[in-house]
1. Please work out how much length the chain gains when fully extended from ILE49 to ILE82, using 0.36 nm per residue of separation minus the C-alpha to C-alpha distance, in nm with one decimal.
2. With bins 10 Å wide starting at 0, give me the P(r) of segment 1-60 over every alpha carbon pair, in whole percents.
3. Can you list the lysines whose alpha carbon sits under 17 Å from that of LYS36, skipping same-chain ones fewer than 8 residues off?
4. Taking 0.36 nm per residue of separation and subtracting the Cα-Cα distance, what length does fully extending ASP62 through LYS3 add?
Amino acid sequence: MKKINYNYVFLFYDIGEKRVNKVFKICKKYLTHHQKSVFRGHITPSKIIALKNELSKVINKDEDFVSIIKLLNQSSFDEETIGTDIKKAEDLIL
């Protein structure tokens, strides 16, 4: 069986209030904040393992939810946005 090295991920979560800031900071170390509880970006396979290990130490597996969607590269998906891009809207306010 051939092992696949994923190099791009989407990560999203639903975390209890007490732990959400810690989870946000961990995700920010490895990925780009995309929108609310969504992160994405280029990442090496070893850093995916490190990210998962750090998150496992913080989350409560009975209450929290973290999903990591692994892709081969940024070109392997198509993104379409409907509605306001919050980051662009925030730039207008500044």
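Just so you know, all these numbers are worked out from the coordinates, no wet-lab data involved. These numbers were taken from a predicted model, which means no experiment stands behind them.
1. Values: separation 33, 0.36 × 33 = 11.88 nm, distance 3.25 nm.
Between ILE49 and ILE82, full extension yields an extra 8.6 nm.
2. Bin by bin from 0 Å, the calculated values are 22, 55, 19, 4, 0.
3. LYS18, LYS22, LYS25, LYS28, LYS87, LYS88
4. Working: separation 59, 0.36 × 59 = 21.24 nm, distance 3.02 nm.
Answer, rounded to one decimal: 18.2 nm.
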